[in-house]
Amino acid sequence: MLKKPKVLILTAKYGNGHVQVSKTLVKQCKDMGIEEVVVSDLYAESNPVFTEITQYLYLKSFTIGKQFYRMFYYGVDKIYNKKLLTLYFKLGNKRLFELIEKEQPDLIINTFPIFVVPEYRRRTGHMIPTFNVLTDFCLHKIWVHQNIDKYYVASKRVKEKVMSLGIHPASVKVTGIPIRSVFEENLDKNEICRKYGLDPNKKILLVMAGAHGVLKNVKELCESFIEDQNLQTVVVCGNNAALKENLETITGKNVRNLKLLGYVERVDELFRVASCMVTKPGGITLSEAAAVGVPVILFKPVPGQEKENALFFEENEAAVVVNRSEEVYETVSSLLKDDKKLKRMKRNIKRLHHPNSSLTIMEDILREASLFKENKFIKAQ
C-alpha cells in the first residue's frame, strides 16, 4: 500500500455538494495520517470569468432557468460522443498540467466530472491513478471515461448504470456519498431539544430554506403551521438574512411554535429531532437525511440531478415529492398526522445509508493506488 501518498482532489463550486464532499475526504485523509492533500477548483482557477458566468446560470436554474438547465443536463448526455463536447474535454487543461508539474500527486480524486483529467493520461501517457467519487443518486455520462480507474457511487442502481456504459463491475464500488462524520454520531435528542428551546413531546417540522430558498411561499407556510399548538416549525435560513428578517414579522404570540435560525454549523442536530424535513434533493442533503433517518418532503426538484435524486428516493418510499406550492401545506400536514407512514419512511430512508462512506472510499483508493503502482512497476520490468 502507498505510504502516505500525496493526494490531489479536484472539485467545482456548482452547488455546495461537490465542495462538501472534497472537504469530507480531506478530513478523512488527515484522520488517516495523510497530510499532503491539495484541493483545486480546477475550472475556477483556469477560466475564472467563464466559471463565474456558468455558476451564475447554474444558480438561476433553481428559479427562472429551469428549462435552460434541463436542456443542458439532458442535452449534454445525448451529445456525449459528439464533437460539440471537445471544448469541455479541454477545459482546464493548462491548469491541470501546471498542478501536476508542481504538486507531483500520487493519485487524483475527482468530486466533479472533470473530463480533462482522464484525457490527460490519454494525451501524455503519464499514469496517475485516478478516481471518481460521484455526488448524486443518478448518473450523468460525463462522469464515465475509460481512463478512470475506479468509481465510488451512491447506490446499486448507479453502479448498474455505470456498468451499462462498458465499465467492469470491479471498477465500480457502492459506498454511498461521503458526508460529515457528525451525522453518524449518537446524540441525546432531549439535549438537542433543550439547546434549541424545543419541546421533545411535540412534532417538529424542519424547513431548510437556505441561501437560495426552498419555497417561494415559506412565509405563508409558516403562517399556516404557527397556529398548530402541537407543532413546532424550525426554519433554517442559512445566510439569507432577508428571509429571516421577513419571517420574524409573523411570530407574534406564537413565538414558541416558530424557530428562525440563520446559518447552523451543527445542522445534524436539527435533522435528528425533526419529525420530517422540507428540503431540496441534493445528493449530500439526502445522504445526510438517510444517515439520521429523517423523512423528507422534496419540493419542486429542478430537472437534472435533483429530479433524478428525488425520483430515486420517492421510488424507495423514503420521500414525498411536491411540485406545486399550494400542495405543500396539505402534504406536510397529512404526513405529520400519519405516524405509521412517518415510521415507514424513516425506516426506508435509513436503508439507503452507507455508514462510514469516506473511510471506505479512502481505504479502497489507497489499496487500488498501491496495486496500480505495483502493476505499473511489473510492466516496466
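On the basis of being open to solvent by 70 Å² or more (accessible area, probe 1.4 Å) and under 22 Å from Ile284 (Cβ atoms), does Lys161 make the cut? Talk me through it step by step, then tell me what you get.
Numbers: open to solvent by 70 Å² or more (accessible area, probe 1.4 Å): yes; under 22 Å from Ile284 (Cβ atoms): yes.
Criteria met by Lys161.
Among the residues of the stretch 143-158, how many are open to solvent by 10 Å² or more (accessible area, probe 1.4 Å) and part of a helix (DSSP H, G or I)?
3
Hey, Arg266 hits all of (1) surrounded by fewer than 19 Cβ atoms within 10 Å (Cβ to Cβ); (2) out of contact with any helix residue (DSSP H, G or I) (no Cβ under 8 Å at 6 or more places or on another chain) but one; which does it fall short on?
With (1) surrounded by fewer than 19 Cβ atoms within 10 Å (Cβ to Cβ); (2) out of contact with any helix residue (DSSP H, G or I) (no Cβ under 8 Å at 6 or more places or on another chain) applied to Arg266, the lone miss is (2).
Quick one: Thr233 ticks every box in (1) more than 22 Å from the chain's Cα centre (by Cα); (2) surrounded by fewer than 16 Cβ atoms within 10 Å (Cβ to Cβ); (3) not aromatic (Phe, Trp, Tyr) except a single one, so which number is it?
(2)
Counting just the residues of the stretch 89-137 that are assigned to a helix (DSSP H, G or I) and of a type in the set (Asp, Glu), which one comes out surrounded by the fewest Cβ atoms within 10 Å (Cβ to Cβ)?
Just the residues of the stretch 89-137 that are assigned to a helix (DSSP H, G or I), to begin with: 89-90, 93-103, 116-124.
Going one step further and asking which of them are of a type in the set (Asp, Glu), we end up with 98, 101, 103, 119.
Numbers: Glu98: 13, Glu101: 8, Glu103: 15, Glu119: 17.
The residue in question is Glu101.
Would you check if Val278 is touching a Lys or Arg at 6+ places or on another chain (Cβ under 9 Å) and either more than 16 Å from Ala209 (Cα to Cα) or at pLDDT 90 or above (or both)?
When the stated conditions are applied, Val278 does not pass them.
Under 8 Å between Cβ atoms, which residue pairs at least 6 apart in sequence (or on different chains) link something in the stretch 221-242 that is free of Cβ contacts under 8 Å to residues at least 40 places away in the same chain and assigned to a loop (DSSP other than H, G, I, E, B) with a partner that is among the β-branched types (Val, Ile, Thr) and open to solvent by 10 Å² or more (accessible area, probe 1.4 Å)?
Listed pairs, sorted by first residue: Ile226/Ile250; Ile226/Thr251.
Go through the stretch 328-352 and give me each residue that's among the polar types (S, T, N, Q) and either in contact with an Asp or Glu (Cβ under 8 Å, 6 or more places away or on another chain) or more than 16 Å from Ile204 (Cα to Cα) (or both).
Of everything in the stretch 328-352, just one residue is among the polar types (S, T, N, Q) and either in contact with an Asp or Glu (Cβ under 8 Å, 6 or more places away or on another chain) or more than 16 Å from Ile204 (Cα to Cα) (or both), namely Asn348.
Out of the residues in the stretch 248-263 that are surrounded by fewer than 19 Cβ atoms within 10 Å (Cβ to Cβ) and in a helix (DSSP H, G or I), state the one that is nearest to the chain's Cα centre (by Cα).
The selected residue is Glu248.
So, in the stretch 233-274, of the ones that are of a type in the set (S, T, N, Q) and within 14 Å of Gly197 (Cα to Cα), which residue ends up modelled with the lowest pLDDT?
Among residues in the stretch 233-274 that are of a type in the set (S, T, N, Q) and within 14 Å of Gly197 (Cα to Cα), the one modelled with the lowest pLDDT is Asn254.
Kindly check whether there is at least one residue in the stretch 206-217 that is closer than 24 Å to Asn323 by Cβ, among the aliphatic types (A, V, I, L, M), at pLDDT 85 or above and open to solvent by 10 Å² or more (accessible area, probe 1.4 Å).
We begin by selecting, within the stretch 206-217, every residue closer than 24 Å to Asn323 by Cβ; these are 206-217.
From the residues that got through so far, the ones that are among the aliphatic types (A, V, I, L, M) too are 206-209, 211, 214-215.
With at pLDDT 85 or above added as a condition, the list becomes 206-208.
Next, only the ones that are open to solvent by 10 Å² or more (accessible area, probe 1.4 Å) stay: 208.
Yes: the stretch 206-217 contains one or more residues that are closer than 24 Å to Asn323 by Cβ, among the aliphatic types (A, V, I, L, M), at pLDDT 85 or above and open to solvent by 10 Å² or more (accessible area, probe 1.4 Å).
I'd like to check something: does the stretch 146-159 contain any residue that is modelled with pLDDT under 95 and not β-branched (Val, Ile, Thr)? Working first, answer last.
Within the stretch 146-159, the first condition is being modelled with pLDDT under 95, and the residues that meet it are 146-147.
Okay, now just the ones that are also not β-branched (Val, Ile, Thr), so 146-147.
Among the residues of the stretch 146-159, at least one is modelled with pLDDT under 95 and not β-branched (Val, Ile, Thr), which makes the answer yes.
For the stretch 163-189, enumerate the residues that are part of a helix (DSSP H, G or I) and under 23 Å from Val19 (Cβ atoms).
Hits for the stretch 163-189 are Ser181, Val182, Phe183, Glu184.
Determine whether the stretch 317-326 contains at least one residue that is touching a residue at least 40 places away in the same chain (Cβ under 8 Å) and open to solvent by less than 10 Å² (accessible area, probe 1.4 Å).
Within the stretch 317-326, not a single residue is touching a residue at least 40 places away in the same chain (Cβ under 8 Å) and open to solvent by less than 10 Å² (accessible area, probe 1.4 Å).
Please state which one of Gly197, Gly176 is farther than 16 Å from Met362 by Cα and of a type outside the set (A, V, I, L, M).
From the options Gly197, Gly176, the qualifying one is Gly197.
The values are calculated or read from the model by the stated rules, or taken from the named source; none is laboratory data. Please read all numbers here as calculations on a predicted model, not as lab measurements. When we count neighbours, we look across all protein chains shown, and the Cβ atoms used for this are built from the backbone with ideal geometry, even at glycine. Accessible surface areas use protein heavy atoms only, side chains included; no ligands, DNA or RNA. Shrake-Rupley method; radii C 1.70, N 1.55, O 1.52, S 1.80 Å.
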